[in-house]
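Contents: one structure, followed by commentary.
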Amino acid sequence: MKKIMVLGSLNIDLVTRVSSTPKKGETVLGNELSKIPGGKGANQAVAIGRIGGSVSMLGKIGNDEFGKILKENLLKNNVNCNFLFSVDTVSTGTALIMVNEDGDNSIVVIPGANFKLFPDDIKKEMFEDTDYLLAQLETPTESIEYAFKIAKEKGIYTVLNPAPAKELSDSLIKNTDLLIPNETEFETLTGHSTATKEEFNAGLRLLFEKDVKAVLVTLGKKGARYIDMEGKDITVPAYKVNAVDTTAAGDSFIGGFLTSLSAGHSVEDSMEVAVKVAAITVSRFGAQNSLPTKDELNSFKGVR
């Protein structure tokens, strides 16, 4: 099995359930408060580790209680932490999350130590034993750009999840082998929606003109679509589940896809694994604690 490096964020998620998401100026009552390991980078690393992938985490935590919880949880879920560093100057990243009765969430992220991962912290030798480099956008963009530049020099396959959605530099896009946005992120990047075939394809053409090699768009209840510069075009439908909490849906999808790909499976088979992992994840509450194990994935019997 090939080896995956995840460069990304680590947060403690402070989660409460609400009957409905509050409007501007409105106060609602929350139902309990849970402390759950999260952060898009850590979520994706744990998703990979739990289903048998070979994964390392590159990131920063604070020298505090939350940081210790996050590191312990990574290690427990088979994630190598040799490149997880702690800092004294800021606290561990934190996310404040409200989940309503429909399973939809609203999130405020306080980056903390995640924004202290600088290009100087990233050394070429860190990538000596890496086949895939996966990143998101919850750490400084210049650090991701630098890491992707090193990765391409070493022949490493680069995967970017452009979340939270924002414009990307041409250099970062050019060094990205696979871009995995959701519908909102796709529209932010391209100015085109996925609502119609014409709009969708216009956005894809724009990304390919900027030298992205392949795009995998997650489409929520509609599944996912993969398109590459060679003309491969694959759509895999989602499974029907009772969504309880969508917090780590995209992260679990990416973890499932890349784990399968790293094991030598095809893009289409890996997409099938990814939609199964996501279906299990959204049917449970929380971020990392909702991610399935390898046994749970293998025993999943969903319907479409």
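Bear in mind that the values in this text are calculations on the coordinates, not laboratory data. Worth saying up front: this structure is predicted, and the values here are computed from it rather than measured. A quick note on method: Cβ atoms are made from the backbone with ideal geometry, for glycine too, and the neighbour counts reach across all protein chains shown.
Gyration tensor analysis over the Cα atoms of the range 83-157 returns equivalent ellipsoid semi-axes of 29, 17, 10 Å (largest first, whole Å). Shown here is the pair-distance distribution of the range 113-269: with all Cα-Cα distances grouped in 5 Å bins from zero up to the longest one, the shares run 2, 8, 18, 22, 21, 16, 9, 4, 1, 0 percent. Entry for the range 235-282 at q = 0.15, 0.19 Å⁻¹: log10 I(q)/I(0) = -0.34, -0.52, Debye formula applied to identical alpha-carbon scatterers, no solvent contribution.
Normalise the Debye intensity by I(0) for the range 14-146, one equal point scatterer per Cα, no solvent, then take log10 at q = 0.15, 0.18, 0.19, 0.23 Å⁻¹ and round to two decimals. Taking Cα atoms of the range 14-146 as identical point scatterers yields -0.79, -1.04, -1.12, -1.42. One quarter of the convex hull surface built on the alpha carbon atoms of the chain amounts to 15.3 nm², the projected area averaged over directions. Kirkwood analysis of the Cα pair distances in the range 209-293 returns a hydrodynamic radius of 13.1 Å. When the alpha-carbon atoms of the range 59-99 are used, the pair Rg, Dmax equals 11.0, 33 angstrom.
Evaluate the relative contact order of the chain (contact order divided by residue number), counting alpha-carbon pairs under 8 angstrom at least 6 apart; express in whole percent. Walk me through the numbers on the way to the answer.
Numbers: 713 pairs, mean separation 55.6, N = 304.
Relative CO of the chain lands at 18 percent.
Each of Ala195, Ile280, Leu258 was scored by the projection of its Cα onto the charge dipole of the chain, and the greatest displacement toward the positive side belongs to Ile280; charges sit on the C-beta of Lys, Arg, Asp and Glu. Loop-located trypsin sites (Lys or Arg not before Pro) in the range 132-201 (DSSP state other than H, G, I, E, B) with a sparse environment of at most 14 neighbouring Cβ atoms within 10 Å: Lys154, Lys166. With the convex hull of the Cα atoms taken as the outline of the range 1-62, the averaged projected area works out to 6.1 nm².
In square nanometres and to one decimal, what's the mean projected area of the convex hull around the Cα atoms of the range 155-222? Don't skip to the answer; put the middle values down first.
Working: hull surface 17.8 nm².
Over all viewing directions, the range 155-222 projects a mean Cα-hull area of 4.4 nm².
DSSP loop (so not H, G, I, E, B), at most 13 other Cβ within 10 Å: list which GluC sites (Glu not before Pro) in the range 152-255 pass both filters. Can you show the working numbers first?
On the way: sites: Glu153, Glu167, Glu183, Glu185, Glu187, Glu198, Glu199, Glu209, Glu230; in loops: Glu167, Glu230.
Loop-located and lightly packed - Glu167, Glu230.
Which pairs break 18 Å Cα to Cα here: Lys221/Lys276; Lys276/Lys301; Lys197/Lys222; Lys152/Lys213; Lys76/Lys301; Lys166/Lys221?
Details: Lys221/Lys276 12 Å; Lys276/Lys301 9 Å; Lys197/Lys222 14 Å; Lys152/Lys213 13 Å; Lys76/Lys301 27 Å; Lys166/Lys221 23 Å.
Flagged as over cut-off: Lys76/Lys301; Lys166/Lys221.
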